[in-house]
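So the structure is just underneath, and the comments pick up after that.
The values are calculated or read from the model by the stated rules, or taken from the named source; none is laboratory data. Nothing here was measured: the structure is a model prediction, and the numbers come from that model. Don't worry about glycine lacking a Cβ; one is built from the backbone with ideal geometry, like all the others, and counts go over all protein chains shown.
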Amino acid sequence: MKVLVCVKQTFDTEAKIELKDGKIAEAGINLIINPYDEVAVEGAIQLKEKNVVNEVVVISAGADKAMDAIRTALAMGADRGILIKQDTAADEYARAVALAAVIKEENPELVLAGHVAADDGSSQVPTRIAEILGYPHINVITSLEIADGKVTCSSEADGGTQVTEVSLPAVISSQVSWNEPRYPSMKGIMQAKKKPVSTVDAVAADNKIKIVEYALPAAKQAGIKIEEDPDVAAAKLADWIMNTAKAEIKK
Amino acid sequence: MAGTWVFVEQKDGNIRKVTFEMLAEAKKFGDEVSAVVFGKGVEALAPEFAKYGADKVYVADADVFGEYNTGAYVAQMVAMIAEYKPNAIMFAHTFNGRDFASRLAQKLEAGLATDVIKAEISAGKGLFTRAIYAGKVLAKVEITTDPILATIRAGVFEVVESAGAGAVVKPAVVATAADVYQTIKDFKPTVSARPELTEAPVVVSGGRGCKGPEGIKVVEQLADLLGAALGGSRASIDSGWLGHELQVGQTGKVVNPNLYIACGISGAIQHLAGMSSSKFIACINTDPEAPIFNVSDFGVVGDLFKVIPLTVDELKK
Ligand SMILES: Cc1cc2nc3c(=O)[nH]c(=O)nc-3n(C[C@H](O)[C@H](O)[C@H](O)COP(=O)(O)OP(=O)(O)OC[C@H]3O[C@@H](n4cnc5c(N)ncnc54)[C@H](O)[C@@H]3O)c2cc1C
Ligand SMILES: Nc1ncnc2c1ncn2[C@@H]1O[C@H](COP(=O)(O)O)[C@@H](O)[C@H]1O
């Protein structure tokens, strides 16, 4: 069985964001694999270690530098990579179309992705891919099992947790609590250099949304900070809770 | 054009507050506003939406809609869009809402703005503000595809009552069991006497500074006195002091309460992503340099084990 994992290269979550000429400045920003996708890669590798899967292919749509994200996934243990060259201004529709075209060609039994990209993520791409391919999908999973041509996952749900089963092939998107991604070993990093990565052009697709403006949120006004004896501090805090924030007290 | 539709978030007849927030916001666009409810035995809910200004209430009532499932819901919505031609549809940015809206958007080859915190909708055009890069940037996106689709973050719009006609419309039910491709094997509701995180007007959260379940108990005392939801940082959740569903932050839930109180939480950027848009923020932390103070309206430098019990006593007075 073959698994395809969608990995997006994103800004490091700690990065300080600045705007330049109305756009998000990329200079000096550390780029990483989207943390949720790292979990999806780990999940795929574990399936291979359990002999449920025999090939793990990572695909990424983006600029040439997205190759780094693919190499990282290969160093973790994925077998092969595909870089889809696409303008990073492509929206979630255009990205889903480009990814789905390659997935269709590869014809895997399972497609894994993150449930959201940590940068400008929209939580749309995996579900859109599933729709294009006519596959069922499950989102925000925290566990996964495969048996008898079906995949069963626990996932986060509104007001609780849920166990859902769908038939393969399917698209599954991960929550970070699914697993703890491994660090690539030195040996893994060396081996990754020799693993095959192909490059294809994205199929043409027009964006469906237009970004008209980026802005930085207004900086918060400095608030009150008190450093006093606990009883004095508590009295002041209680007063603020009741009279400024106007919270109701349930006596 | 049949105005703005608000898709009702409900489970077993319990309507999520975000539905009313969306209805009130949709009224501002001046066009006709309709609530759209899918479920089993949900017709009786219709008057609830009229209270918040719904001119019409579309009710698709059938066994196949008893539990949210993407396939049947999308099939039904596609048919209703073709029949009634709404200008825009607003969904809640819940797990179900984003799942539904994404698959629908792709089926219609339309644009979709998710996790929206500001909306302006006119005929054929939607302008939406989204908080991206963990809340560090605001992006304004324009959608002109038909219909205009968006998922809305809970808690950003105010609930305002206004009388609407609430005329019930019953569209033909076209979805069948054959449209269902996900089998729900089990659902475990979160059992808690406290309100849910994303809906609560007050959230009180505990972090690593609680040092263990005993410290969480101290935080709970304050939460319960304020009728608040309980939340936590990743540190307290990973330590097993609180359930996963209570994590606030980038990988947890985004909350937007009137008041957020962070106890023993340093204020890492990933935590701020989940709470910094709260209206009022207070914190209690022993380290005056902790970044949480930078976003707090009222910060107490102190030991939560001392300050919280005394604050509880003060509030009870
Ligand atoms: C991809 C990614 C996603 C993440 N997602 C999330 C997320 O969704 N939510 C989240 O919260 N984190 C998330 N994190 C983790 C985040 O980076 C922090 O590690 C985490 O928020 C720290 O939790 P904390 O503030 O409770 O702990 P710490 O950072 O250890 O802070 C504990 C604080 O308690 C104070 N303290 C100690 N004793 C006392 C006392 N007696 N009284 C009062 N104060 C005291 C200390 O001064 C300190 O400031 C994520 C990280 C990554 C990399
Ligand atoms: N350019 C991309 N290349 C590969 N995978 C992507 C890309 N964009 C999104 N994805 C996948 O879709 C998931 C959700 O992304 P998003 O819908 O943008 O929040 C990500 O976690 C990735 O797994």
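Quick notes on this one:
- Segment A:25-52: number of residues that are over 21 Å from residue A:176 (Cα atoms) and touching an Asp or Glu at 6+ places or on another chain (Cβ under 8 Å): 2
- Selection from segment B:7-27 of residues that are in a strand (DSSP E or B) and touching a residue at least 60 places away in the same chain (Cβ under 8 Å): B:7
- Only one of A:86, A:124 that is within 13 Å of chain B (Cβ to nearest Cβ), within 30 Å of residue A:213 (Cβ to Cβ) and away from ligand 1 (no atom under 16 Å from the Cβ): A:124
- Members of segment A:205-246 that are modelled with pLDDT of 95 or more and among the small types (Gly, Ala, Ser): A:205, A:215, A:233, A:234, A:235, A:238, A:245
- The number of residues in segment A:138-169 that are among the charged types (D, E, K, R) and facing another protein chain (nearest Cβ under 8 Å) comes to 3.
- Looking across A:63, A:130, A:96, one residue alone is within 28 Å of residue B:273 (Cα to Cα), away from ligand 1 (no atom under 16 Å from the Cβ) and within 12 Å of chain B (Cβ to nearest Cβ). It is A:96.
For every residue, the table says whether it meets (1) out of contact with any helix residue (DSSP H, G or I) (no Cβ under 6 Å at 6 or more places or on another chain); (2) under 24 Å from residue B:115 (Cβ atoms); (3) in the same structural domain as residue B:310 (by TED's automatic domain parsing).
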site	(1), (2), (3)
B:167	yes, no, no
B:185	yes, no, no
B:191	yes, no, no
B:216	no, no, yes
B:222	no, no, yes
B:228	yes, yes, yes
B:240	yes, no, yes
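- Residue match in segment A:41-59 (condition: touching a helix residue (DSSP H, G or I) at 6+ places or on another chain (Cβ under 8 Å) and small (Gly, Ala, Ser)): yes
- Flag if residue B:74 is part of a helix (DSSP H, G or I), of a type in the set (A, V, I, L, M) and within 11 Å of chain A (Cβ to nearest Cβ): yes
- Residue A:232 more than 7 Å from every other protein chain (Cβ to nearest Cβ) and under 30 Å from residue A:79 (Cβ atoms): no
- Apart from one condition, residue B:82 fits all of (1) within 12 Å of chain A (Cβ to nearest Cβ); (2) at pLDDT 95 or above; the exception is (1).
- Reported count of residues in segment A:235-246, each being surrounded by 12 or more Cβ atoms within 10 Å (Cβ to Cβ), part of a helix (DSSP H, G or I) and more than 38 Å from the chain's Cα centre (by Cα), is 7.
- Pairs, first in contact (Cβ under 8 Å) with a residue 12 or more places away in the chain and at the interface with chain A (Cβ under 7 Å from one of its Cβ atoms) in segment B:181-208, second within 16 Å of ligand 2 (Cβ to nearest atom) and not in a strand (DSSP E or B), C-beta under 8 Å, six or more apart: B:181/B:70; B:182/B:70
- Taken over segment B:272-287, the criterion of being without any contact (Cβ under 8 Å) to a residue 40 or more places away in the chain, outside any strand (DSSP E or B) and either more than 9 Å from every other protein chain (Cβ to nearest Cβ) or buried (at least 24 other Cβ atoms within 10 Å of the Cβ) (or both) is satisfied by B:274, B:287.
- Hey, residue A:205 over 30 Å from residue B:196 (Cβ atoms) and touching a Ser or Thr at 6+ places or on another chain (Cβ under 9 Å) or not: no
- Criterion violated by residue A:69 - all others in (1) within 16 Å of ligand 1 (Cβ to nearest atom); (2) of a type outside the set (Val, Ile, Thr); (3) assigned to a loop (DSSP other than H, G, I, E, B) satisfied: (3)
- Among the residues of segment A:88-114, those identified as assigned to a loop (DSSP other than H, G, I, E, B), at pLDDT 95 or above and either farther than 19 Å from residue A:146 by Cβ or small (Gly, Ala, Ser) (or both) are A:90, A:91.
- Segment B:225-278, residues that are more than 7 Å from ligand 1 (Cβ to nearest atom) and basic (Lys, Arg): B:253
- Number of the condition not met by residue A:123 [criteria: (1) over 15 Å from residue A:60 (Cα atoms); (2) more than 10 Å from ligand 2 (Cβ to nearest atom)]: (2)
- The set of residues in segment B:96-148 that are within 9 Å of chain A (Cβ to nearest Cβ), more than 16 Å from ligand 1 (Cβ to nearest atom) and farther than 20 Å from residue A:127 by Cβ comprises B:127, B:129, B:137, B:138, B:139, B:140, B:142, B:144.
- Subset of segment B:133-147 [part of a strand (DSSP E or B) and under 23 Å from residue B:21 (Cβ atoms)]: B:138, B:139, B:140, B:141, B:142, B:143
- The listed residues are B:254, B:219, and the only one of them that is within 16 Å of ligand 2 (Cβ to nearest atom) and among the hydrophobic types (A, V, I, L, M, F, W, C) turns out to be B:254.
- Any hit, segment A:43-57, residues being charged (D, E, K, R), touching a Gly at 6+ places or on another chain (Cβ under 8 Å) and buried (at least 22 other Cβ atoms within 10 Å of the Cβ): no
- Among the residues listed as B:152, B:216, the single one being more than 11 Å from chain A (Cβ to nearest Cβ), under 15 Å from residue B:247 (Cα atoms) and surrounded by 20 or more Cβ atoms within 10 Å (Cβ to Cβ): B:216
- Of all residues in segment B:288-307, those that are more than 7 Å from chain A (Cβ to nearest Cβ) and in contact (Cβ under 8 Å) with a residue 60 or more places away in the chain have Cβ atoms under 9 Å from Cβ atoms of residues that are outside any helix (DSSP H, G or I) and basic (Lys, Arg), 6 or more apart or on another chain, in B:305/B:211.
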